[in-house]
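Chemist: Quick one: the structure is below, and I'll ask about it shortly.
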Amino acid sequence: MGPFVVHGEQTMWYFDSPHVIFGEEALSHLAQLNGRHACVITDRNIVRLGLAQLVIDQVTAAGLACTVFDEVEPEPSLQMVQRCAAVLAQHQPDWIIGLGGGSCMDAAKSAWLLYENPGIEPESVNPFDQYTLREKAKLIAIPTTSGTGSEATWYAVLTDTVEQRKVGIGTRGMLPDYAIIDPVMVMSLPPSITADTGLDALTQSIESYQSSWRNDFSDAMCLHAVRLIFQYLPRAYADGSNCEAREHMHNAAAIGGIGFGNSQATLAHCMGHALGVLFHVPHGRAVALFLPYTIEFTANGGDSRYVDIARALGLRADDEPIGAASLVTAVRDLERQLLQPLTVRDLGIDQTSFEHTLPELVGRAETDTQIATSQRIPDSAELRRLFDYAYDGRTVNF
Ligand code: NAD
């Protein structure tokens, strides 16, 4: 969970995970729930695909009343979360179920916090203050993308649509009580979302492995998630009906999420968040685009640990620089295979609007919370160069 509590000179570390129910039929765990009323927080796509109905059937089989809030939009807004919290206050559920991709799970976590702490300003929520949670309800997260790992983390990313910026809110208690990792939920994922979200899982697993908050517990999760993703993401992308690939990718995203939630991501996330919000690029696509550039930048700074990842993948890894270079090549090969953009230009962003936005991209990236856990922290001039190099695909040599 990170180095949160300090007693005198001593920093205490925590490792947290939700109870994880995984594999085929994991969803049927819901039929054993004890309680009165469950509120499912999801989006209209998930309802249209029949995935919400699978959940409702199990919850009602357990004898609970069930309400559905289906207004979550991709990159969930502060404003929608306030509306969702009002619906929770009206129905007073004792179970909240976040069902969907990272957007729905983040919306559920945030609305849950507001429901338990009426009147609180979401933006004021931080890891160091105490909040009420679990007095009214418990939280279940059911991912329908294999990507964000939000089912296993204690924070949420919201968008302030008025001020056009992402707002991270988090406190340790916001970790879901249960994460249900059932591959049936991802069989309908189209290839492009499979690729975007799968690369999000890869980016956070690689970044969390070398974040400055890394630890022995998160290392194990991150390294294995990277192995699974390289092995199964191309298969899940090429053939979405491949149950084995879907199941392993779904597990990999949750395993990576546990690693990430206990360590934190780094520089590619800072740059990806900035680009994503200013140019409306899906989260996973945005962070993965910057990954090879930030690996090069971090490795150029010295001891980087990418060599361990290269070794785990069976790549050439004689020493740190060779390991990092092998990993960059492997990430780019995977991105090509998944028809992903390798440069900012590939996203269709023209040079004039990119250069016009560059100061703001730099400003947002350098104030992103995950800059603090980056192993090599760029100054403003270096960040500007990194964005520039990623625009047209230059090798980062500084
Ligand atoms: P998403 O939740 O925004 O979903 C993207 C699209 O995929 C939506 O239109 C959705 O309806 C659709 N979709 C979801 N599941 C589907 C399925 N099974 N079949 C067909 N379509 C499906 O995408 P995401 O990448 O999962 O989540 C991104 C959000 O998560 C961002 O807001 C990002 O900031 C956040 N995030 C949170 C964390 C965390 O730890 N809290 C970590 C990383 C990212």
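Chemist: If ALA286 meets every condition in (1) within 28 Å of THR367 (Cβ to Cβ); (2) open to solvent by 30 Å² or more (accessible area, probe 1.4 Å); (3) free of Cβ contacts under 8 Å to residues at least 60 places away in the same chain apart from one, which number is that one?
Modeler: Among (1) within 28 Å of THR367 (Cβ to Cβ); (2) open to solvent by 30 Å² or more (accessible area, probe 1.4 Å); (3) free of Cβ contacts under 8 Å to residues at least 60 places away in the same chain, the lone unmet condition for ALA286 is (2).
Chemist: Within the stretch 207-241, track down each residue that is among the polar types (S, T, N, Q) and open to solvent by less than 10 Å² (accessible area, probe 1.4 Å). Before you say what the answer is, go through the steps one by one.
Modeler: Step one: of the stretch 207-241, the residues among the polar types (S, T, N, Q) are 208, 210-212, 215, 218, 231, 241.
Across the stretch 207-241, the qualifying residues are SER208, GLN210, SER211, SER218.
Chemist: Does the stretch 357-370 hold any residues that are part of a helix (DSSP H, G or I), farther than 16 Å from HIS280 by Cα and not charged (D, E, K, R), and which are they? Even if it seems obvious, please write down each step before you answer.
Modeler: Filtering the stretch 357-370 down to residues part of a helix (DSSP H, G or I) leaves 357-366, 369-370.
Subset that is farther than 16 Å from HIS280 by Cα: 359, 362-363, 366, 369-370.
PRO359, VAL362, GLY363, THR369, GLN370, listed by residue number.
Chemist: I would also like to ask the following. With respect to SER326, determine if the residue is assigned to a loop (DSSP other than H, G, I, E, B), among the small types (Gly, Ala, Ser), in contact with a helix residue (DSSP H, G or I) (Cβ under 8 Å, 6 or more places away or on another chain) and crowded, with 20+ Cβ neighbours inside 10 Å. Walk me through it before giving the result.
Modeler: Values: assigned to a loop (DSSP other than H, G, I, E, B): no; among the small types (Gly, Ala, Ser): yes; in contact with a helix residue (DSSP H, G or I) (Cβ under 8 Å, 6 or more places away or on another chain): yes; crowded, with 20+ Cβ neighbours inside 10 Å: yes.
Here the answer is no, as SER326 does not meet what is asked.
Chemist: Quick one: THR294 ticks every box in (1) assigned to a helix (DSSP H, G or I); (2) within 20 Å of SER208 (Cα to Cα); (3) open to solvent by 50 Å² or more (accessible area, probe 1.4 Å) bar one, so which box is it?
Modeler: It is condition (3) that THR294 fails.
Chemist: Just to be sure before I move on: is TYR155 away from the ligand (no atom under 13 Å from the Cβ), open to solvent by 10 Å² or more (accessible area, probe 1.4 Å) and in contact with a Gly (Cβ under 7 Å, 6 or more places away or on another chain) in the structure I sent?
Modeler: Working: away from the ligand (no atom under 13 Å from the Cβ): no; open to solvent by 10 Å² or more (accessible area, probe 1.4 Å): yes; in contact with a Gly (Cβ under 7 Å, 6 or more places away or on another chain): yes.
Spelling it out, it is not the case that TYR155 is away from the ligand (no atom under 13 Å from the Cβ), open to solvent by 10 Å² or more (accessible area, probe 1.4 Å) and in contact with a Gly (Cβ under 7 Å, 6 or more places away or on another chain).
Chemist: Would you pick out the residues in the stretch 163-206 that are under 17 Å from the mean Cα position of the chain (by Cα), near the ligand (Cβ under 10 Å from one of its atoms), modelled with pLDDT under 95 and open to solvent by 10 Å² or more (accessible area, probe 1.4 Å)?
Modeler: Passing the criteria: LYS166, GLY168.
Chemist: Can you tell me which residue among ALA89, ALA85, ALA108 is aliphatic (A, V, I, L, M), part of a helix (DSSP H, G or I), under 19 Å from GLU135 (Cβ atoms) and within 13 Å of the ligand (Cβ to nearest atom)? Even if it seems obvious, please write down each step before you answer.
Modeler: Numbers: ALA89 fails: within 13 Å of the ligand (Cβ to nearest atom); ALA85 fails: within 13 Å of the ligand (Cβ to nearest atom).
Answer to the selection: ALA108.
Chemist: Which of the residues belonging to the stretch 121-144 are part of a loop (DSSP other than H, G, I, E, B), touching a residue at least 60 places away in the same chain (Cβ under 8 Å) and among the β-branched types (Val, Ile, Thr)?
Modeler: Result: THR144, single match.
Chemist: In the stretch 376-391, which residues are open to solvent by less than 60 Å² (accessible area, probe 1.4 Å) and of a type in the set (A, V, I, L, M)? If you could, list the steps in order and put the result at the bottom.
Modeler: In the first step, residues of the stretch 376-391 are kept if they are open to solvent by less than 60 Å² (accessible area, probe 1.4 Å); the result is 376, 378, 380, 382-383, 386-391.
The answer is LEU383, LEU386, ALA390.
Chemist: In addition: Looking at the stretch 23-53 only, could you name the residues that are surrounded by 17 or more Cβ atoms within 10 Å (Cβ to Cβ) and of a type in the set (A, V, I, L, M, F, W, C)?
Modeler: Selection gives ALA26, LEU27, LEU30, LEU33, ALA38, CYS39, VAL40, ILE41, ILE46, VAL47, LEU51, ALA52.
Chemist: Given the condition open to solvent by 30 Å² or more (accessible area, probe 1.4 Å) and of a type in the set (Phe, Trp, Tyr), answer yes or no: does some residue in the stretch 106-119 qualify? Break it down into steps so the answer makes sense when it comes.
Modeler: Taking the stretch 106-119 and keeping what is open to solvent by 30 Å² or more (accessible area, probe 1.4 Å), we get 118-119.
Filter once more, keeping what is of a type in the set (Phe, Trp, Tyr): none.
Taking every residue of the stretch 106-119 in turn, none turns out to be open to solvent by 30 Å² or more (accessible area, probe 1.4 Å) and of a type in the set (Phe, Trp, Tyr).
Chemist: Step by step: first the residues of the stretch 356-398, then only those that are at pLDDT below 95 and hydroxyl-bearing (Ser, Thr, Tyr), then the one that is farthest from GLN204 (Cα to Cα). Which residue is that?
Modeler: Taking the candidates together, the pick is THR367.
Chemist: How many residues does the stretch 111-120 contain that are aliphatic (A, V, I, L, M) and assigned to a loop (DSSP other than H, G, I, E, B)?
Modeler: Step one: of the stretch 111-120, the residues aliphatic (A, V, I, L, M) are 111, 113-114, 120.
The next check asks that each one be assigned to a loop (DSSP other than H, G, I, E, B); those that pass are 120.
Within the stretch 111-120, residues that are aliphatic (A, V, I, L, M) and assigned to a loop (DSSP other than H, G, I, E, B) number 1.
The values are calculated or read from the model by the stated rules, or taken from the named source; none is laboratory data. Quantities reported herein were computed from a predicted structural model and do not represent experimental measurements. Backbone-built Cβ (ideal geometry, glycine too); neighbour counts: all protein chains shown. To get the accessible areas, we keep the full protein, side chains included, count just its heavy atoms, and leave off ligands, DNA and RNA. Shrake-Rupley method; radii C 1.70, N 1.55, O 1.52, S 1.80 Å.
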